[in-house]
1. Identify, from the list 97, 88, the residue that is more than 15 Å from ligand 1 (Cβ to nearest atom) and either within 21 Å of the chain's Cα centre (by Cα) or not acidic (Asp, Glu) (or both).
2. Between residues in the range 15-39 that are in contact (Cβ under 8 Å) with a residue 40 or more places away in the chain and residues that are part of a strand (DSSP E or B) and of a type in the set (Val, Ile, Thr), which pairs lie under 7 Å by C-beta distance while being six or more apart or on different chains?
3. From the list 254, 262, pick out the single residue that is over 23 Å from residue 317 (Cα atoms) and surrounded by fewer than 17 Cβ atoms within 10 Å (Cβ to Cβ).
4. Check off (1) touching a strand residue (DSSP E or B) at 6+ places or on another chain (Cβ under 9 Å); (2) within 16 Å of ligand 2 (Cβ to nearest atom); (3) under 18 Å from residue 210 (Cβ atoms) for residue 5 and give me the number that stays unchecked.
5. With the condition kept exactly as written, say whether any residue in the range 98-114 is crowded, with 16+ Cβ neighbours inside 10 Å and among the acidic types (Asp, Glu).
6. Please indicate, with yes or no, whether at least one residue in the range 115-129 is of a type in the set (Gly, Ala, Ser), under 24 Å from residue 200 (Cβ atoms), within 16 Å of ligand 2 (Cβ to nearest atom) and in contact (Cβ under 8 Å) with a residue 60 or more places away in the chain.
7. Of 111, 47, which residue is more than 19 Å from the chain's Cα centre (by Cα) and farther than 25 Å from residue 323 by Cβ?
Amino acid sequence: MSSRSVILIGGPDSGKTNYVGRLWPSFRKRKGVLRAEGLPDNIEYVDGAVEHLMQGSFAPRSDRNLEEGRRDFSIQVRNSNGQSPLTELVVPDISGELWTRAVRSSELPEDWLQALKAAEGAVLFVRAHSKLNVQPMDWVTARRLLKLYEEDPARDQASHHEWSETEVVALSDTASAPVQGEETGGEPEANGIPPPPTPELPTQVVLCELLRYLNLLLADRVDGGRPRVAVVVAAWDLLDPELRAASPMAYLKRQFPLLAGRISCPGRLDVRLFGLSIVGGDLENDPAFKESFLKGDIVDQGWVVVEENGLGRQDDDITLPIAWAVGE
Ligand SMILES: Nc1nc2c(ncn2[C@@H]2O[C@H](COP(=O)(O)OP(=O)(O)OP(=O)(O)O)[C@@H](O)[C@H]2O)c(=O)[nH]1
Ligand SMILES: [Mg+2]
């Protein structure tokens with residue numbers, strides 16, 4: 001067992017399992033600067049994901065009922081084409097929902113705390129175009145919500161009410177994005193009107209909180225350097241050509257400006273951004289791509305976009321985000 005470790009985390013549907021699955025064939029063929037040493041304890045986790053990919057589909061999301069009997073995944077890796085010291089890559093828990101829940105309740109289980117404190121680096125996932133990304137309230141969503149009030153005869157008064165900006169802001173504070181990942185509240189009220197949705201934290205708020213935990217808890221590197229955090233934007237292939245040609249920071253500024261701002265003030269963290277496409281295209285909705293993918297070897301497909309001086313550079317070594325977080 002090595003004493004150094006790097007932890008891989010992210011919200012639900014952010015691409016963690018598929019990435020770990022995609023890493024496996026590269027590890028086996030020793031393709032990439034990061035090399036695995038030996039087999040992981042729970043090889044079934046990786047095998048399941050690889051099997052899906054080899055058949056031309058993404059692996060499904062992980063089991064969400066894992067409060068009991070957690071199934072951590074970990075494997076020993078070495079950077080620099082296998083020349084650097086051993087580091088343990090840890091993927092705690094399988095479902096990202098548990099991270100969101102921990103952030104929402106501001107309570108990290110003791111063993112997660114220990115895993116974060118033991119790690120000297122992290123890889124944080126966010127996925128482009130995930131249906132589970134929760135966007136903060138904007139004028140379009142706010143307008144729709146206000147329209148609901150207008151259509152509600154029980155709130156007739158409200159329909160004639162001139163909403164002030166302050167009121168709309170207060171509303172957006174308590175009722176974020178009822179569009180996606182929506183949870184409805186409790187029982188319908190006596191007049192049959194459903195209760196307002198339970199507020200859900202916008203994805204970028206969850207990610208900022210996770211960065212705050214990393215900033216607080218990660219250990220300094222053995223060489224005394226700051227802990228490294230690779231922020232990975234998964235499913236980069238789904239972006240429109242304009243964003244795809246831009247850098248990961250340009251994407252975050254557009255889609256998750258709060259997170260982009262947080263990354264610009266990294267505190268004691270050394271943060272670097274990456275885009276990631278595990279097989280180079282969309283196996284779900286692009287049959288032509290899927291056909292060409294199945295004809296080739298998986299290790300030759302997929303790439304990362306490395307943020308360098310404000311530009312994105314494409315590289316076919318998909319191990320790079322972890323390799324950078326591990327360091328020399
Ligand atoms: N197009 C494209 N889609 C991807 C890529 N990586 C992941 N996805 C999509 O993202 C979905 C979620 O990926 P998972 O690996 O299950 O995400 P996860 O973070 O493990 O999710 P939880 O298990 O819920 O925590 C997949 O089912 C794919 O639809 C990619 O490189 N390209
Ligand atoms: Mg998963």
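1. That would be 88, the only listed residue that is more than 15 Å from ligand 1 (Cβ to nearest atom) and either within 21 Å of the chain's Cα centre (by Cα) or not acidic (Asp, Glu) (or both).
2. The qualifying pairs are 16/91; 20/91; 34/77; 35/77; 36/75; 36/77; 37/77.
3. 254
4. Going through the list (1) touching a strand residue (DSSP E or B) at 6+ places or on another chain (Cβ under 9 Å); (2) within 16 Å of ligand 2 (Cβ to nearest atom); (3) under 18 Å from residue 210 (Cβ atoms), residue 5 breaks only (2).
5. no
6. The answer is no, given that none of the residues of the range 115-129 is of a type in the set (Gly, Ala, Ser), under 24 Å from residue 200 (Cβ atoms), within 16 Å of ligand 2 (Cβ to nearest atom) and in contact (Cβ under 8 Å) with a residue 60 or more places away in the chain.
7. 111
Here is a yes/no grid of residues against (1) of a type outside the set (Phe, Trp, Tyr); (2) touching a Phe, Trp or Tyr at 6+ places or on another chain (Cβ under 7 Å):
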site: 251; (1), (2): no, no
site: 266; (1), (2): yes, no
site: 273; (1), (2): yes, no
site: 278; (1), (2): yes, yes
site: 281; (1), (2): yes, yes
site: 290; (1), (2): yes, no
site: 305; (1), (2): yes, yes
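Values quoted throughout were computed directly from the atomic coordinates according to the rules given, and no laboratory measurement underlies them. These numbers were taken from a predicted model, which means no experiment stands behind them. Cβ atoms come from the backbone with ideal geometry, glycine included; neighbour counts cover every protein chain shown.
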